[in-house]
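Enquirer: After the structure tokens below, expect a handful of questions from me.
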Amino acid sequence: MRFPRGRRRLVIAVAALLATAAVAVIVHRVLAPAEVSTVARADYPAPARPAAGVIGRLPVAPLIVDGRLRVYAAHRQVYADRPVDGRYRTSPYWSYRRWPAELSGVVASGSTVVSRWSDGQLVALDARTGGVLWRADGPEPAESAALVRRTGAATVWDAPGLQLTDLPDGRTVLVVTGDAQARGVELSSGRELWRVELPGSCRSDVGTTAAGQLIGLDTCAGAATVEFRDAATGAVRERWRPPNGPDALVVTPLGCRTGWSDCLGLRTAGPGDEGGRGWLVDAGRPVAAPALDPAGAVLVGEQSVAVLDGVVVGRSARTGSELWRSAGLGVARVLAAQPGRVHLLTEANELVTVDPVTGRQLSRFVLNVGSDGTGWAPGAVTAEDGFVAVERLRKPVDPAGDDRRYYYTGEAVILAAT
């Protein structure tokens, strides 16, 4: 059967329109913004208390959450596995994925996990189920020159522009910053408390204090100045420079509860560690703490621990008086600290954990798993809830090398209980 020429053209046009519409529907389904939340189908695990020693190795960096879960970052996904002391990564306990936005940072407090995305969206998840607690708009993340490698350590251990702090009234505030704006968000509800405009890339975050302040470093008007911003209101309460300090400053937070959040002190230094000085921070101006002056010193509560001339020394951070010393570790460096524990790494890659108050050795073992050996250099590290996780890098370390050259093995992160 043949259609008249006019009708044949009409049929072809209709068919083309239908095909175009079908393609448009398919493209919309594939490319439209979407999120997929896969909640937990099992009970929330109990806190784990494994014996001291190496637990296992992982291909990606874990964020230890609530002492019960490990949370990981992927390009467009945040997900958790269990148990927290599992030897290997297991099937996700829960998972949350967005598209086309990219995951830029993850932080956690208690059983709340907050993810930040490239479009500025903040999504809080309940660690117990993986369900969404709240969503909020935030400033888009500032562009960073830092390389995000395959372990995702920079996303979960050092989330840029994403800080937590506890206020005196018991509330926890999430402070979110971009290049041109900062916002304070109540962690429990996602309610915005304040927003302020920022001057741009000449100002950067340092961390938050245990007294409820955001620490920033401002170089916009010449000599670098440290600012302390009230996390409850967004107002700058103090602008401070170390007396006789260099114009260019490097500021390192110390004594933080987790990441760079809820910190008790800081260290200022100039180029090449010129004039390094330690300080205790509270609600007022920083107070000099010479026990924190040495590079590599850590602060745990009221105690400073540092390696001085090959000897591990514990001092009162407030008075500087020596509390203890340990000379039996050989060549060692302070690797990390957490409440009640200081972790040192020896030349043979032994992990030694000591009590910061007494210097008593809590555990000591070689950071080796399977037949991997110890011929690696430490990279990024985190310590929380009694666990330590360390990236293992290939020697000699090549910061510009690709991931295959940079990391020691495919499962580059070693996890230990202390």
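Enquirer: Kindly list, by first and then second residue, each pair from a residue in region 229-250 that is farther than 29 Å from Leu187 by Cβ and basic (Lys, Arg) to a residue that is at pLDDT 95 or above and surrounded by 14 or more Cβ atoms within 10 Å (Cβ to Cβ), limited to pairs with Cβ atoms under 6 Å and residues at least 6 apart or on different chains.
Expert: From region 229-250, the pairs are Arg241/Thr225.
Enquirer: Checking Leu133 against (1) closer than 20 Å to Ser95 by Cα; (2) open to solvent by less than 30 Å² (accessible area, probe 1.4 Å); (3) in contact with an Asp or Glu (Cβ under 6 Å, 6 or more places away or on another chain), which test does it fail?
Expert: Of everything listed in (1) closer than 20 Å to Ser95 by Cα; (2) open to solvent by less than 30 Å² (accessible area, probe 1.4 Å); (3) in contact with an Asp or Glu (Cβ under 6 Å, 6 or more places away or on another chain), Leu133 misses just condition (2).
Enquirer: Give region 136-173 a look and list any residue that's surrounded by fewer than 21 Cβ atoms within 10 Å (Cβ to Cβ) and assigned to a helix (DSSP H, G or I), or say none.
Expert: Ala154, the sole residue that qualifies.
Enquirer: If we only count strands (runs of 3 or more DSSP E) wholly inside region 1-111, which ones have 2 or more residues that are modelled with pLDDT of 95 or more and open to solvent by 30 Å² or more (accessible area, probe 1.4 Å)?
Expert: Once the strands (runs of 3 or more DSSP E) in region 1-111 are filtered for at least 2 residues that are modelled with pLDDT of 95 or more and open to solvent by 30 Å² or more (accessible area, probe 1.4 Å), what remains is 34-38, 53-58, 94-99.
Enquirer: Go through Arg267, Arg277 for me and flag whichever is closer than 25 Å to Cys202 by Cα and either open to solvent by 40 Å² or more (accessible area, probe 1.4 Å) or touching a His at 6+ places or on another chain (Cβ under 7 Å) (or both).
Expert: Every option except Arg277 fails the conditions.
Enquirer: Further, regarding this structure: Among the numbered criteria (1) over 24 Å from Ala127 (Cβ atoms); (2) of a type outside the set (S, T, N, Q); (3) open to solvent by 20 Å² or more (accessible area, probe 1.4 Å), which one does Ala224 miss?
Expert: (3)
Enquirer: So, one more: Identify all residues within region 197-210 that are open to solvent by 30 Å² or more (accessible area, probe 1.4 Å) and among the aliphatic types (A, V, I, L, M); write none if there are none.
Expert: Ala210, the sole residue that qualifies.
Enquirer: Would you say Val300 is over 23 Å from the mean Cα position of the chain (by Cα), open to solvent by less than 20 Å² (accessible area, probe 1.4 Å) and not small (Gly, Ala, Ser)?
Expert: no
Enquirer: Checking the condition within 22 Å of Arg241 (Cα to Cα) and at pLDDT 95 or above, which residue from Leu335, Leu323, Leu266 passes?
Expert: Answer to the selection: Leu266.
Enquirer: Could you tell me whether region 339-349 includes any residue that is touching a Gly at 6+ places or on another chain (Cβ under 6 Å), within 22 Å of Pro253 (Cβ to Cβ) and not β-branched (Val, Ile, Thr)?
Expert: no
Enquirer: While we're on this one: For region 304-343, give me the residue count where each residue is without any contact (Cβ under 8 Å) to a residue 40 or more places away in the chain and either among the basic types (Lys, Arg) or surrounded by fewer than 14 Cβ atoms within 10 Å (Cβ to Cβ) (or both).
Expert: Total meeting the criteria: 15.
Enquirer: For residues that are under 16 Å from Asp262 (Cα atoms) and assigned to a loop (DSSP other than H, G, I, E, B), tally how many sit in region 291-307.
Expert: Looking only at that region, the number is 2.
Enquirer: The conditions are (1) without any contact (Cβ under 8 Å) to a residue 40 or more places away in the chain; (2) at positive phi; (3) under 27 Å from the mean Cα position of the chain (by Cα), and Thr346 fails exactly one of them. Which is it?
Expert: Unmet for Thr346, out of (1) without any contact (Cβ under 8 Å) to a residue 40 or more places away in the chain; (2) at positive phi; (3) under 27 Å from the mean Cα position of the chain (by Cα): (2).
Enquirer: Going residue by residue through region 174-186, is there one that turns out to be part of a loop (DSSP other than H, G, I, E, B) and within 30 Å of Tyr44 (Cα to Cα)?
Expert: no
Enquirer: While we're looking at this one, here's another question. Considering every residue within region 335-343, establish whether at least one is more than 26 Å from Arg392 (Cβ to Cβ) and under 23 Å from the mean Cα position of the chain (by Cα).
Expert: The answer is no; no qualifying residue exists.
Enquirer: Here is a follow-up. Taking region 280-292 as the search range and keeping residues that are farther than 17 Å from Ala337 by Cβ and either free of Cβ contacts under 8 Å to residues at least 24 places away in the same chain or not small (Gly, Ala, Ser) (or both), which one is surrounded by the most Cβ atoms within 10 Å (Cβ to Cβ)?
Expert: Among them, the one singled out is Pro286.
The values are calculated or read from the model by the stated rules, or taken from the named source; none is laboratory data. Model, not experiment: these values are computed from the prediction. Cβ atoms come from the backbone with ideal geometry, glycine included; neighbour counts cover every protein chain shown. All accessible areas refer to the heavy atoms of the entire protein, side chains included, with ligands and DNA or RNA removed. Shrake-Rupley method; radii C 1.70, N 1.55, O 1.52, S 1.80 Å.
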